[in-house]
Amino acid sequence: MSAPASASPADSDLVRAARGLPVSRTPVWFMRQAGRSLPEYRELRAGTKMLDACQDPDLITEITLQPVRRHGVDAAIFFSDIVLPLVVAGVDIEIKPGIGPVIADPVRSVADVDALPDLDPAQLGFLETAVRRLVGELGATPLIGFAGAPFTLATYLIEGGPSKEHARTKAFMYAEPEAWSRLLQKLSVSSSTFLRTQVDAGASAVQLFDSWAGVLSAVDYAERVLPHSRAVFDGLGGRDVPRIHFGVGTGELLPLIGDAGADVVGVDWRLPLDEAARRVGPGRSLQGNLDPAVLLADRETVDREVRRVVEQGKAARGHVFNLGHGVLPDTDPGVLTHVTELVHELTSA
């Protein structure tokens, strides 16, 4: 059974797949589709710092639309950065090329937690403006709202920048449980405010990125992180939009990630989607999970792997085709267009 072609974002294949409803074809979008691999993005961003671009409604609008025009994907992901709510609130952060977000004054004590500024919704006028413009431009194509999850934001604040082991973060989590809880509570309010603003301005779905949650054990995630991720989704109240929740290296956490309030659980490339569907259970859809590195291989390999992901995705209640993480900078944009077309061809009724 297939759905008719969408006349509105609320009845798009993306939203329907997220809810486990029949679709006309498997919807496709790519994490980091808005930028990096696109020459038109690099040209537009030339001379503008990332965090400045993320607060300019004109740039946000154009960058978000570029991959929709180029690839024919089924959803736009709002162009932003995971640390942006912190920056807007007043935390001194710089995104250094080749490194990532660098925090001027990392959180290393209970006092540092209490001194963190709160995000005022009144500071998000640029966000509302950009979303409204995008919704007007996108028509029936849904816009996915963007925010970072409390744990991943905490890792940047505590480590002072990107980290592989996240050792300082976990040490703080174990040694200062009350301060840890206060920190994640603050961050959950910030993330929820950021998402709520986007939904109220017209976003049709939201994705919460908990990029580094995979460094945690299931017990630590369940006790020390999950309640705060759930608080982000709970903060949306009765806003009826699908909620996507994604992390890297989270194969052992997938049921818990769903329990945080997700309609769709994002799966990285490490676990086949049919096994992910078994772990998550029948009540949620899946998103994923082509290895981004596959896109650098020959066309025959790309096609074989896309077919595998599409086939394994049939085990889920609903499937949103995506990569298992973001588009790599060296990816040929033509390959992304080809993958989009191939998924549509394989799954059209």
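Where only DSSP H runs of four or more residues are counted, the chain gives -13500 deg cm²/dmol as its mean residue ellipticity at 222 nm, each run worth -39500 (n - 2.57).
Compared with the alpha-carbon gap, the fully stretched path from residue 89 to residue 46 is longer by 12.9 nm at 0.36 nm per residue. Convex hull volume of the Cα atoms of the chain, normalised per residue: 119 Å³. Once C-alpha pairs closer than 8 Å and six or more residues apart are averaged by separation and normalised to the residue number of the range 33-151, the relative contact order reads 30 percent.
Rounded to the nearest 0.05, what FRET efficiency is calculated for residue 69 and residue 115 with R0 set to 30 Å and r the Cβ-Cβ distance? It would help to have the intermediate numbers written out before the result.
Values: r = 44 Å, r/R0 = 1.46.
With a Förster radius of 30 Å, E is 0.10.
Model label sites at residue 279 and residue 341, defined 7 Å from Cα along the beta-carbon direction, differ in position by 3.5 nm.
Ranking 231, 213, 289 by how far each Cα lies toward the positive end of the dipole of the range 197-349 (charges on Cβ) leaves 231 at the top. Counted over all Cα-Cα pairs of the range 26-171, pairs farther apart than 19 Å make up 56 percent.
Under 8 Å for C-alpha pairs, at least 6 residues apart: give me the relative contact order for the range 9-347, rounded to a whole percent. Don't jump to the answer; show the numbers that get you there.
Numbers: 669 pairs, mean separation 70.1, N = 339.
Relative contact order, the range 9-347: 21 percent.
Legend: helices of the chain (whole DSSP H runs) are marked when their alpha-carbon atoms reach 18 angstrom or more along the helix axis and their mean Kyte-Doolittle hydropathy is at least -1.0; marked are 57-71, 125-138, 177-200, 333-347. Restriction of the trypsin sites (Lys or Arg not before Pro) in the range 110-211 to DSSP coil positions whose beta-carbon has at most 16 other beta-carbons within 10 angstrom yields 164. Toward the positive end of the charge dipole of the range 9-347, with +1 on the Cβ of Lys and Arg and -1 on the Cβ of Asp and Glu, the farthest Cα among 21, 152, 41 is that of 21. Across the range 191-349, the mean sequence separation of Cα contacts (distance under 8 Å, 6 or more residues apart), normalised by length, yields a relative contact order of 19 percent. Straight-line cross-link reach from residue 164 at under 27 Å between alpha-carbon atoms covers these lysines, not counting any fewer than eight positions away in the same chain: 49, 96, 186.
Each DSSP beta bridge with both residues in the chain is either parallel or antiparallel, and the antiparallel ones are about 15%.
Each reported figure results from applying straightforward, stated rules to the coordinates on display, with no laboratory input. Predicted model only: the values in this text are computed from it and were never measured. Methodologically, a virtual Cβ is constructed for each residue, glycine included, from the backbone with ideal geometry; neighbour enumeration extends over all protein chains shown.
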